[in-house]
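Asker: Structure incoming, see below.
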Amino acid sequence: MLNVRPLHQGFGLEILDLDLAAPHSDEVIDDMIGLLDQHSLLLVRGQRLRPERHVEISRRFGPLLTHVLKQYLTTGLPEIYVLSNVTQDGKPIGNHKEGWNWHSDLSYVAEPSMGSLLYAVEVPPVGADTLFASMHLAYDGLPPALRERIRHLRATHSYAGYYGKAFADRTPLTDEQKARTPDVVHPVVRTHPVTGRPSLYVGQDIVSRIEGLPQAEGDALLAELNAHAIDEAFVYRHVWRQGDLVLWDNRATMHCATPYDDSKYRRIMHRTTVAGSRPF
Ligand code: SIN
(Lines give C-alpha, C1' and ligand atoms only; values in the text may rest on other atoms or scores of the structure.)
Protein backbone atom coordinates (compact mmCIF):
# COMPACT_ATOMS: atom_id res chain seq x y z
CA MET A 1 0.00 0.00 0.00
CA LEU A 2 1.54 3.31 -1.07
CA ASN A 3 1.67 6.21 1.36
CA VAL A 4 0.51 9.32 -0.55
CA ARG A 5 -0.42 12.94 -0.05
CA PRO A 6 -2.12 15.35 -2.48
CA LEU A 7 -0.09 18.00 -4.32
CA HIS A 8 -3.04 20.04 -5.59
CA GLN A 9 -6.72 19.93 -4.76
CA GLY A 10 -7.64 18.50 -8.18
CA PHE A 11 -4.73 16.32 -9.28
CA GLY A 12 -1.23 15.09 -8.43
CA LEU A 13 0.06 12.96 -5.58
CA GLU A 14 3.35 12.72 -3.76
CA ILE A 15 4.33 9.15 -2.93
CA LEU A 16 6.15 9.02 0.41
CA ASP A 17 8.60 6.47 1.81
CA LEU A 18 9.51 4.89 -1.50
CA ASP A 19 13.01 4.01 -2.69
CA LEU A 20 12.76 3.17 -6.36
CA ALA A 21 16.40 2.06 -6.49
CA ALA A 22 15.56 -0.89 -4.22
CA PRO A 23 14.59 -4.00 -6.25
CA HIS A 24 11.54 -4.72 -4.02
CA SER A 25 10.04 -1.40 -5.20
CA ASP A 26 9.20 -3.19 -8.48
CA GLU A 27 6.16 -4.56 -6.67
CA VAL A 28 4.55 -1.11 -6.35
CA ILE A 29 4.96 -0.03 -9.96
CA ASP A 30 1.61 -1.49 -11.02
CA ASP A 31 0.01 0.57 -8.23
CA MET A 32 1.84 3.65 -9.49
CA ILE A 33 0.48 3.06 -13.01
CA GLY A 34 -3.06 2.95 -11.56
CA LEU A 35 -2.46 6.12 -9.54
CA LEU A 36 -1.09 7.92 -12.59
CA ASP A 37 -4.23 7.14 -14.61
CA GLN A 38 -6.40 8.52 -11.81
CA HIS A 39 -4.32 11.46 -10.54
CA SER A 40 -2.33 12.52 -13.67
CA LEU A 41 0.93 13.33 -11.84
CA LEU A 42 3.12 11.58 -9.27
CA LEU A 43 6.12 12.86 -7.35
CA VAL A 44 8.68 10.69 -5.60
CA ARG A 45 11.38 12.64 -3.76
CA GLY A 46 14.83 11.69 -2.55
CA GLN A 47 15.63 9.11 -5.23
CA ARG A 48 19.07 7.94 -6.31
CA LEU A 49 18.43 6.58 -9.78
CA ARG A 50 21.14 5.46 -12.11
CA PRO A 51 20.13 5.91 -15.77
CA GLU A 52 19.76 2.13 -16.15
CA ARG A 53 17.25 1.97 -13.28
CA HIS A 54 15.39 5.03 -14.56
CA VAL A 55 14.95 3.27 -17.91
CA GLU A 56 14.03 -0.03 -16.23
CA ILE A 57 11.27 1.60 -14.18
CA SER A 58 10.03 3.63 -17.15
CA ARG A 59 9.72 0.47 -19.28
CA ARG A 60 7.20 -0.90 -16.81
CA PHE A 61 4.85 1.89 -17.97
CA GLY A 62 5.22 0.86 -21.62
CA PRO A 63 7.67 0.88 -24.53
CA LEU A 64 9.93 3.93 -24.53
CA LEU A 65 10.33 6.47 -27.31
CA THR A 66 13.63 8.02 -28.40
CA HIS A 67 13.77 11.73 -29.09
CA VAL A 68 14.35 12.98 -32.62
CA LEU A 69 17.16 15.32 -31.40
CA LYS A 70 19.73 12.53 -31.08
CA GLN A 71 22.51 14.94 -30.11
CA TYR A 72 20.93 15.16 -26.62
CA LEU A 73 20.78 11.41 -25.97
CA THR A 74 24.14 11.59 -24.24
CA THR A 75 23.95 9.17 -21.29
CA GLY A 76 24.73 6.09 -23.38
CA LEU A 77 21.08 5.05 -23.05
CA PRO A 78 19.11 6.36 -26.04
CA GLU A 79 15.85 6.24 -24.07
CA ILE A 80 17.05 9.14 -21.89
CA TYR A 81 16.63 12.63 -23.30
CA VAL A 82 18.88 15.05 -21.41
CA LEU A 83 17.67 18.58 -20.65
CA SER A 84 20.56 20.73 -19.52
CA ASN A 85 22.59 23.92 -19.88
CA VAL A 86 25.83 22.03 -19.18
CA THR A 87 28.51 21.55 -21.83
CA GLN A 88 31.25 18.96 -21.89
CA ASP A 89 34.27 19.27 -24.20
CA GLY A 90 32.52 22.20 -25.85
CA LYS A 91 29.36 20.25 -26.60
CA PRO A 92 25.98 20.53 -24.82
CA ILE A 93 25.12 17.38 -22.88
CA GLY A 94 21.42 18.18 -23.18
CA ASN A 95 18.83 20.42 -24.76
CA HIS A 96 18.76 23.77 -22.99
CA LYS A 97 15.50 25.78 -22.87
CA GLU A 98 13.48 22.75 -23.94
CA GLY A 99 9.83 22.94 -22.93
CA TRP A 100 9.80 26.62 -21.92
CA ASN A 101 6.27 26.74 -23.29
CA TRP A 102 3.04 24.93 -22.45
CA HIS A 103 2.85 21.55 -24.15
CA SER A 104 2.16 17.87 -23.74
CA ASP A 105 5.20 15.74 -24.62
CA LEU A 106 5.42 14.51 -28.19
CA SER A 107 1.96 15.77 -29.10
CA TYR A 108 3.52 16.34 -32.54
CA VAL A 109 3.54 12.64 -33.43
CA ALA A 110 0.59 10.52 -34.57
CA GLU A 111 0.73 8.42 -31.39
CA PRO A 112 1.92 10.84 -28.69
CA SER A 113 3.60 9.79 -25.47
CA MET A 114 1.27 8.53 -22.73
CA GLY A 115 3.55 9.70 -19.96
CA SER A 116 6.98 11.04 -19.05
CA LEU A 117 9.33 10.38 -16.13
CA LEU A 118 11.61 13.33 -15.38
CA TYR A 119 14.44 12.85 -12.90
CA ALA A 120 16.35 15.75 -11.36
CA VAL A 121 20.06 14.96 -11.42
CA GLU A 122 21.18 18.51 -10.61
CA VAL A 123 18.99 21.59 -10.08
CA PRO A 124 19.56 25.30 -9.45
CA PRO A 125 18.78 26.57 -5.94
CA VAL A 126 16.27 29.06 -7.37
CA GLY A 127 14.20 29.08 -10.56
CA ALA A 128 13.63 26.30 -13.10
CA ASP A 129 10.34 25.23 -11.52
CA THR A 130 8.05 23.21 -13.77
CA LEU A 131 4.37 24.11 -13.99
CA PHE A 132 1.83 21.37 -14.61
CA ALA A 133 -1.79 22.00 -15.59
CA SER A 134 -4.56 19.43 -15.39
CA MET A 135 -6.34 19.25 -18.73
CA HIS A 136 -9.19 17.30 -17.10
CA LEU A 137 -9.81 20.22 -14.74
CA ALA A 138 -9.41 22.66 -17.62
CA TYR A 139 -11.99 20.79 -19.68
CA ASP A 140 -14.40 20.55 -16.74
CA GLY A 141 -14.00 24.30 -16.16
CA LEU A 142 -14.91 25.35 -19.71
CA PRO A 143 -18.15 27.30 -20.14
CA PRO A 144 -20.73 24.87 -21.64
CA ALA A 145 -21.08 26.87 -24.89
CA LEU A 146 -17.31 26.75 -25.49
CA ARG A 147 -17.24 23.05 -24.65
CA GLU A 148 -19.93 22.49 -27.28
CA ARG A 149 -18.09 24.66 -29.84
CA ILE A 150 -14.84 22.68 -29.61
CA ARG A 151 -16.37 19.21 -29.21
CA HIS A 152 -15.57 18.03 -32.74
CA LEU A 153 -12.66 20.33 -33.58
CA ARG A 154 -9.24 19.06 -34.59
CA ALA A 155 -5.93 20.88 -34.53
CA THR A 156 -2.57 20.57 -36.29
CA HIS A 157 0.48 19.95 -34.07
CA SER A 158 3.73 20.90 -35.77
CA TYR A 159 7.19 20.03 -34.44
CA ALA A 160 8.87 21.99 -37.25
CA GLY A 161 6.75 25.01 -36.30
CA TYR A 162 7.66 24.65 -32.61
CA TYR A 163 11.37 24.11 -33.30
CA GLY A 164 11.48 27.17 -35.57
CA LYS A 165 10.00 29.33 -32.79
CA ALA A 166 11.79 27.86 -29.76
CA PHE A 167 15.21 27.35 -31.32
CA ALA A 168 15.37 30.01 -34.05
CA ASP A 169 19.06 30.62 -33.21
CA ARG A 170 20.07 26.97 -33.74
CA THR A 171 20.93 24.72 -36.66
CA PRO A 172 17.65 23.95 -38.44
CA LEU A 173 16.20 20.44 -38.30
CA THR A 174 17.84 18.00 -40.69
CA ASP A 175 15.86 16.40 -43.51
CA GLU A 176 15.82 13.15 -41.51
CA GLN A 177 14.46 14.94 -38.41
CA LYS A 178 11.80 16.66 -40.51
CA ALA A 179 10.85 13.34 -42.11
CA ARG A 180 10.40 11.83 -38.63
CA THR A 181 8.13 14.67 -37.51
CA PRO A 182 5.53 15.52 -40.15
CA ASP A 183 2.63 17.68 -38.93
CA VAL A 184 -0.19 15.69 -37.33
CA VAL A 185 -3.83 16.41 -36.56
CA HIS A 186 -5.39 15.59 -33.18
CA PRO A 187 -8.75 16.23 -31.52
CA VAL A 188 -8.96 19.38 -29.38
CA VAL A 189 -10.84 17.36 -26.77
CA ARG A 190 -9.44 13.91 -26.09
CA THR A 191 -10.67 11.00 -24.01
CA HIS A 192 -8.44 9.27 -21.50
CA PRO A 193 -8.17 5.69 -22.80
CA VAL A 194 -8.23 4.16 -19.30
CA THR A 195 -10.60 6.37 -17.30
CA GLY A 196 -12.79 7.73 -20.13
CA ARG A 197 -12.40 11.25 -18.73
CA PRO A 198 -12.29 14.07 -21.31
CA SER A 199 -9.46 16.60 -21.39
CA LEU A 200 -8.46 19.65 -23.36
CA TYR A 201 -5.64 18.87 -25.81
CA VAL A 202 -3.98 22.10 -26.89
CA GLY A 203 -0.50 23.67 -26.54
CA GLN A 204 1.24 26.98 -27.02
CA ASP A 205 3.80 26.91 -29.82
CA ILE A 206 3.20 23.38 -31.02
CA VAL A 207 -0.38 23.81 -32.23
CA SER A 208 -0.28 25.70 -35.48
CA ARG A 209 -3.92 25.81 -36.55
CA ILE A 210 -7.43 24.57 -35.97
CA GLU A 211 -8.66 22.56 -38.91
CA GLY A 212 -11.55 24.03 -40.88
CA LEU A 213 -11.32 27.51 -39.35
CA PRO A 214 -9.78 30.58 -41.01
CA GLN A 215 -6.29 31.09 -39.52
CA ALA A 216 -7.20 34.26 -37.58
CA GLU A 217 -10.33 32.70 -36.07
CA GLY A 218 -8.42 29.52 -35.18
CA ASP A 219 -5.57 31.53 -33.63
CA ALA A 220 -8.04 33.50 -31.51
CA LEU A 221 -9.77 30.33 -30.34
CA LEU A 222 -6.44 28.66 -29.56
CA ALA A 223 -5.31 31.68 -27.57
CA GLU A 224 -8.55 31.56 -25.59
CA LEU A 225 -8.24 27.82 -24.92
CA ASN A 226 -4.55 28.05 -23.99
CA ALA A 227 -5.20 30.94 -21.62
CA HIS A 228 -8.06 29.04 -19.98
CA ALA A 229 -6.03 25.80 -19.75
CA ILE A 230 -3.34 27.41 -17.61
CA ASP A 231 -5.64 29.24 -15.21
CA GLU A 232 -3.91 29.02 -11.84
CA ALA A 233 -6.79 26.97 -10.45
CA PHE A 234 -5.65 24.10 -12.69
CA VAL A 235 -1.89 24.47 -12.11
CA TYR A 236 0.58 22.77 -9.76
CA ARG A 237 4.04 24.38 -9.54
CA HIS A 238 6.80 21.90 -8.91
CA VAL A 239 9.87 23.29 -7.14
CA TRP A 240 12.58 20.76 -7.89
CA ARG A 241 15.01 19.19 -5.48
CA GLN A 242 17.86 16.98 -6.57
CA GLY A 243 16.64 13.36 -6.58
CA ASP A 244 13.02 14.18 -7.45
CA LEU A 245 11.28 11.93 -9.94
CA VAL A 246 8.09 13.39 -11.42
CA LEU A 247 5.88 11.19 -13.56
CA TRP A 248 3.06 12.78 -15.50
CA ASP A 249 0.29 11.65 -17.78
CA ASN A 250 0.61 13.43 -21.12
CA ARG A 251 -2.98 12.44 -21.95
CA ALA A 252 -4.25 14.55 -19.05
CA THR A 253 -1.76 17.37 -18.42
CA MET A 254 0.31 20.08 -20.07
CA HIS A 255 3.52 21.41 -18.56
CA CYS A 256 5.90 24.30 -18.95
CA ALA A 257 9.48 24.67 -17.72
CA THR A 258 10.43 28.10 -16.33
CA PRO A 259 13.73 30.03 -16.70
CA TYR A 260 16.63 30.26 -14.24
CA ASP A 261 19.97 32.02 -14.07
CA ASP A 262 21.78 29.76 -16.49
CA SER A 263 24.98 31.82 -16.30
CA LYS A 264 25.28 30.94 -12.61
CA TYR A 265 23.64 27.55 -12.11
CA ARG A 266 23.71 24.10 -13.67
CA ARG A 267 20.59 22.07 -14.39
CA ILE A 268 20.68 18.42 -15.50
CA MET A 269 17.41 16.55 -15.97
CA HIS A 270 16.88 13.07 -17.44
CA ARG A 271 13.59 12.38 -19.16
CA THR A 272 12.10 9.16 -20.49
CA THR A 273 8.91 9.20 -22.55
CA VAL A 274 6.54 6.26 -22.72
CA ALA A 275 4.80 5.39 -25.97
CA GLY A 276 1.07 6.12 -26.20
CA SER A 277 -1.77 5.65 -28.64
CA ARG A 278 -3.63 7.82 -31.12
CA PRO A 279 -5.76 10.40 -29.25
CA PHE A 280 -9.54 10.08 -29.69
C1 SIN B 1 9.83 19.01 -20.50
O2 SIN B 1 9.21 19.79 -21.18
O3 SIN B 1 9.62 17.80 -20.57
C4 SIN B 1 10.88 19.50 -19.55
C5 SIN B 1 10.37 20.15 -18.34
C6 SIN B 1 11.50 20.67 -17.51
O7 SIN B 1 12.66 20.69 -17.94
O8 SIN B 1 11.23 21.10 -16.38
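Asker: With the chain treated as a Gaussian network of Cα nodes joined by springs under 10 Å, which of GLY34, GLY196, GLY94 yields the largest mean-square fluctuation?
Answerer: GLY196
Asker: Quick one: net charge of VAL207's neighbours, Cβ under 12 Å, K/R +1, D/E -1?
Answerer: Local net charge: -1.
Asker: In straight Cα distance, which aspartates and glutamates are under 19 Å from LYS97, not counting same-chain residues fewer than 8 positions off?
Answerer: ASP105, GLU122, ASP129, ASP169, ASP205, ASP261, ASP262
Asker: Can you show me the helix-derived [θ] at 222 nm for the chain, built from DSSP H runs with n ≥ 4 at -39,500 (n - 2.57) apiece and divided by the number of residues, rounded to the nearest 500.
Answerer: -6000 deg cm²/dmol
Asker: How far is it, in nm, from the label point at ARG48 to the one at VAL28 when both lie 7 Å from their Cα along the line to the Cβ?
Answerer: Each label point lies 7 Å from its Cα, and together they span 1.7 nm.
Asker: Separate question: Can you give the Rg and Dmax of the chain based on its C-alpha atoms, in angstrom?
Answerer: 18.1, 56
Asker: List the chymotrypsin sites (Phe, Trp or Tyr not before Pro) within region 149-205 that DSSP assigns to loop and that have no more than 16 neighbouring Cβ atoms inside 10 Å.
Answerer: When the chymotrypsin sites (Phe, Trp or Tyr not before Pro) of region 149-205 are filtered for loop state and at most 16 Cβ neighbours within 10 Å, PHE167 remain.
Asker: Pick from THR174, THR258, THR156: which is most flexible by mean-square fluctuation in a GNM of the chain where alpha carbon atoms under 10 Å apart are linked?
Answerer: Ranking THR174, THR258, THR156 by mean-square fluctuation puts THR174 first.
Asker: What are the residues whose amide H is under 5 Å from the amide H of ARG209, where those residues sit 5 or more places off or on another chain and H is modelled from the backbone?
Answerer: Residues meeting the criterion, in which the H sits 1.01 Å from N, are THR156.
Asker: Still on this structure, I have one more. Find how many whole Å separate the alpha carbon centroid of region 88-113 from the alpha carbon centroid of region 186-215.
Answerer: Centre-to-centre distance over Cα atoms comes out at 20 Å.
Asker: For the chain, set up a Gaussian network in which alpha carbons nearer than 10 Å are linked by springs, and say which option among VAL82, VAL185, VAL202 fluctuates the most.
Answerer: VAL185
Asker: Still on this model: If I ignore ligands, DNA and RNA and count only protein heavy atoms, how much of VAL4 is accessible to a 1.4 Å probe, in Å² to the nearest 10?
Answerer: 60 Å²
Asker: Could you work out the longest stretch of the chain that avoids the trypsin sites (Lys or Arg not before Pro) located in DSSP loops with at most 15 other Cβ atoms within 10 Å?
Answerer: Longest stretch, sites excluded: 171-240.
Asker: Give the accessible surface of the chain per residue, rounded to a whole number of Å², with probe radius 1.4 Å and ligands, DNA and RNA excluded.
Answerer: In whole numbers, the chain has 45 Å² accessible per residue.
Asker: Still on this structure, I have one more. What does the accessible area of TRP100 come to, in Å² to the nearest 10, when a probe of 1.4 Å is used?
Answerer: Roll a 1.4 Å probe over it and TRP100 shows about 80 Å².
The values are calculated or read from the model by the stated rules, or taken from the named source; none is laboratory data. Since we're looking at a predicted model, the values are computed, not measured. Ideal geometry is used to build each Cβ from the backbone, glycine not excepted, and the neighbour counts take in all protein chains shown. Calculation scope for accessible area: heavy atoms of the full protein, side chains included, ligands and nucleic acids excluded. Shrake-Rupley method; radii C 1.70, N 1.55, O 1.52, S 1.80 Å.
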